[in-house]
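Here is the structure we will look at.
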Amino acid sequence: MKILVTGANGLVGRRIIRTLAQDKENLIYATSQKKVQFDINTNFFTVNLVYSDLNQLIETLNPDVLIHCAAMASPDACEADRYSAYKINVEVTARLAAACRDYGAHMIFLSSDFIFDGNKGNYTEEDIPSPISYYGETKVEAEKSILDLNIGASIVRTSLVFGYDEQLARPNIVLRVIDNLKKGKSFKVPIDQFRTPTDADDLAKGIFGLAQKKLGGIYNISGGQRISVYELAKQVALAFGYNDELLIPVKSVDLPEPAKRPLDSGLNIDKAIKTLNYTPTPLASSIERIKDHIR
Ligand SMILES: NC(=O)c1ccc[n+]([C@@H]2O[C@H](COP(=O)([O-])OP(=O)(O)OC[C@H]3O[C@@H](n4cnc5c(N)ncnc54)[C@H](OP(=O)(O)O)[C@@H]3O)[C@@H](O)[C@H]2O)c1
């Protein structure tokens, strides 16, 4: 399969590329804005998707599958620069969807649990989005732009992705906990935000399954365990042997974050388990696996 992955400097893009590279049948193209060293041999190129001719990109590379991970994925960054967030999260996604329609590529789009307000939890693919942040709004609009074209694309909703890779565009919660506690620094963590934290490698495998089957529709692909962000941080601290008293449990209202976070945005993954044979790794095992990389 010829596969184009956007957002190759992010955790999700990186782990997807590593998973795809394990199958020698895959020819991988990868894009990012900045040039960053990457040990996997891909056809990598830098491009700002906002200012690119995306029709030409898809026509030239002619991928069987496009896995679109590039985004402004920090909710606070989206709040601070709504114009740029809209450009990359919504406009680029809509233009890529149209290009996939025109050149016959199967599109897989990365969406988020932040499309929900977090009042219900255990969200299924049928639940109605009700975002409370601008980031969430952009994801809802991007999803809608894809669904409106009716091109049989896959929309993957995921939640709090964690894992290790080199030179990542952004640190994830697990790496931030490790980094702070290793330095003996205290770290504030919300006790009232619940997620289904996702091992980036599980997500990558689930997405590869979707790419092979080219299944259209919405799929929740996340971890199988609902847990508070504070409890997750505590598990990391204990697994790494750090002083968990450095973790300061706080309520969301007491965290100085520009973007509002849903309280319980856990995802229900029954559909992925049934249709993709998706099996999430137990949280404790995923955290243990990170220890192989960081000491
Ligand atoms: N991480 C999570 O917990 C999580 C949860 C739910 C959903 N998601 C979704 O999953 C996807 C991947 O997330 P992530 O955490 O891997 O994101 P990330 O670490 O922030 O990486 C985003 C990637 O997008 C690229 N990018 C941003 N603007 C671009 C532009 N104008 N042109 C070209 N490339 C651009 C970045 O390139 P440079 O680094 O070179 O600028 C980077 O490679 C996103 O759609 C995100 O919304 C993530």
- Distribution output for segment 255-295: share of Cα-Cα pairs per 5 Å bin in percent, first bin at 0, values 5, 16, 11, 14, 16, 20, 15, 3, 0
- Query: Where in segment 166-220 are there trypsin sites (Lys or Arg not before Pro) that are in a DSSP coil and have at most 13 other Cβ atoms within 10 angstrom of their Cβ?
  - Reply: 183, 185
- Task: Could you please state how large a percent of the accessible area of segment 85-141 is carbon and sulfur, counting protein chains only and using a 1.4 Å probe?
- Result: 49 percent
- Once you list every other residue whose beta carbon is under 14 Å from the beta carbon of residue 28, what net charge do they have if Lys and Arg are +1 and Asp and Glu are -1? +1
- Note on the structure: antiparallel share of DSSP beta bridges within the chain, to nearest 5, in %, is 5 percent
- Please compute the Cα-Cα pair-distance distribution of segment 198-245 with 5 Å bins starting at 0, giving whole percents from short to long. 5, 17, 19, 17, 14, 10, 9, 6, 3, 1
- Task: State to the nearest 20 debye the size of the charge dipole of the chain about its Cα centre, where the only charges are +1 on K and R beta carbons and -1 on D and E beta carbons.
- Result: 520 debye
- Task: Starting from the Cα of residue 182, step 7 Å along the direction of its Cβ; do the same at residue 40; then give the gap between the two resulting points in nm.
- Result: 2.2 nm
- Gaussian network model of the chain, Cα within-10 Å springs - most flexible of 85, 71, 21: 21
- For residue 183, list the lysines whose Cα falls under 19 Å from its own Cα; do not include residues on the same chain fewer than 8 positions away. 234, 291
- Largest-first ordering by accessible area, 1.4 Å probe, given options 91, 288, 25: 25, 288, 91
- Note on the structure: The correct ranking of 202, 292 by accessible area at 1.4 Å, largest first, is 292, 202
- Expressed to two decimals, the chain has a Cα Rg over Rh, using the Kirkwood radius, of 0.95
- Task: Would you check the accessible area of residue 72, probe 1.4 Å, heavy atoms only, in square angstrom rounded to 10?
- Result: 40 Å²
- Task: Determine the shape class of segment 121-162: with a ≥ b ≥ c the square roots of the Cα gyration tensor eigenvalues, call it rounded for a/c under 1.5, and otherwise prolate if a/b is greater than b/c, oblate otherwise.
- Result: prolate
- Note on the structure: Per GNM of the chain with C-alpha springs under 10 angstrom, the most fluctuating residue out of 39, 81, 102 is 39
- Message: Checking the cross-link filter: which aspartates and glutamates have an alpha carbon closer than 12 Å to that of residue 251, excluding same-chain neighbours under 8 positions apart?
- Response: 192
- Result for segment 145-256: accessible area per residue, probe 1.4 angstrom, in square angstrom, of 43 Å²
- Item | Net +/- balance of residues flanking residue 221 in space, Cβ distance below 10 Å, scoring K and R +1, D and E -1 | +2
- Query: Are any of the pairs 34/188; 120/205; 24/205 more than 19 Å apart by Cα-Cα distance, and if so, which?
  - Reply: 34/188; 120/205
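The values are calculated or read from the model by the stated rules, or taken from the named source; none is laboratory data. Quick caveat, the model's predicted, so the values are computed rather than measured. All Cβ positions, even for glycine, are placed from backbone atoms using ideal geometry, and neighbour counts span all protein chains on display. Please note that ligands, DNA and RNA were not included when accessible areas were found on the heavy atoms of the full protein model with its side chains. Shrake-Rupley method; radii C 1.70, N 1.55, O 1.52, S 1.80 Å.
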